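Written below as structure tokens is the structure these notes are about.
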Amino acid sequence: MRLYSRKMTKVLAMDILSWKYDPPYDLYNNDVNDDAISELMNEGYIAVEDESGALIGFYCSGHTAQVPAGRGSGAYSEPAIDVGVGMHPELTGKGNGSMFVSFVLNELKTLNSEPILRLTVAEFNKRAMKLYENLGFKKTYEFKTDTNDFIIMLKW
């Protein structure tokens, strides 16, 4: 499957916000509202489609890819490209993650000179952590919020 980055549109943002993940991944569920649509359209989010134009997922980088509570704990003190990803719930858990995340990382590497990539993943998301480890990321830091524990993973 060939993947393509596409500028986020209101239609794509509304589609992404309507995705529903099963527990425990329902942490990633969102409401479709004007603020959420605006964030996806104006905060550097990029849609990812396959060759047929089907929406596969999205990504973002920089400040937008950080968990705000981690900033106060020093989780983001080292220079790195922060990466956030989301894949369509119907495609998760079926072996599509490596291709999708590899595509995103390659896209971001061509746009940035910083050699270190950083992901923040919810501690319960063992499936994602295994994928990131297989792609060369290492666990480096942990922090907690009122509702979740998070792991910072770096790739040099």
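Laboratory data are not the source of any read-out in this text; all were calculated from the coordinates shown. For clarity, every value in this text was computed on a predicted model and none was experimentally measured. All Cβ positions, glycine included, derive from the backbone under ideal geometry; neighbour counts span all protein chains shown.
Can you compute the modelled spin-label distance between residue 156 and residue 130, with each label point 7 Å from Cα toward Cβ, in nm?
The two pseudo-label positions are separated by 2.7 nm.
Ranking request for peptides 78-84, 21-27: highest mean number of other beta-carbon atoms within 10 Å first, then the rest in descending order. Please list the in-between numbers first.
On the way: 78-84: 17.9, 21-27: 12.1.
With the highest mean Cβ count within 10 Å placed first, the list reads 78-84, 21-27.
Collect residues whose amide H, placed 1.01 Å from N in the peptide plane, falls under 5 Å from the amide H of residue 142; neighbours closer than 5 in sequence don't count.
Hits under the 5 Å cutoff: 152.
Tell me which trypsin sites (Lys or Arg not before Pro) from region 29-118 have a DSSP coil assignment and no more than 11 other beta carbons within 10 Å of their own. The partial results should precede the final answer.
Values: sites: 71, 94, 109, 118; in loops: 94.
Loop-located and lightly packed - 94.
Quote the charge dipole size of region 75-134 about the Cα centre in Debye, to the nearest 20; the model charges only the Cβ of Lys and Arg (+1) and of Asp and Glu (-1).
Numbers: 6 positive and 7 negative charges, 51 e Å.
Here region 75-134 has a charge dipole of around 240 debye.
Describe numerically, in nm with one decimal, the distance between label points set 7 Å from Cα along Cα→Cβ at residue 20 and at residue 106.
The modelled label-to-label distance comes out at 3.5 nm.
Taking the structure as given and computing Rg/Rh (Cα atoms, Kirkwood Rh), which label from (1) 1.33; (2) 0.93; (3) 0.96 fits?
Identified label for the calculated read-out: (2).
So what's the back-of-envelope 222 nm ellipticity for the chain, counting only DSSP H runs of four-plus at -39500 (n - 2.57) apiece and dividing by all residues, rounded to 500? Before the final figure, lay out each step's value.
Working: 5 runs with 47 residues, N = 156.
That comes out to -8500 deg cm²/dmol.
Using the 10 angstrom Cβ neighbour count as an exposure proxy, how do 73, 38 rank, fewest first?
Ranked by crowding around the Cβ, least crowded first: 38, 73.
For region 3-155, give the magnitude of the charge dipole about the Cα centre (Cβ charges: +1 Lys/Arg, -1 Asp/Glu; no others), in debye to the nearest 20. Could you put the intermediate results ahead of the total?
On the way: 15 positive and 21 negative charges, 109 e Å.
Here region 3-155 has a charge dipole of around 520 debye.
Quick one: 104, 32, fewest Cβ neighbours within 10 Å first, how do they rank? Don't jump to the answer; show the numbers that get you there.
Numbers: 104 24, 32 12.
Ranking 104, 32 by Cβ neighbours within 10 Å, fewest first, gives 32, 104.
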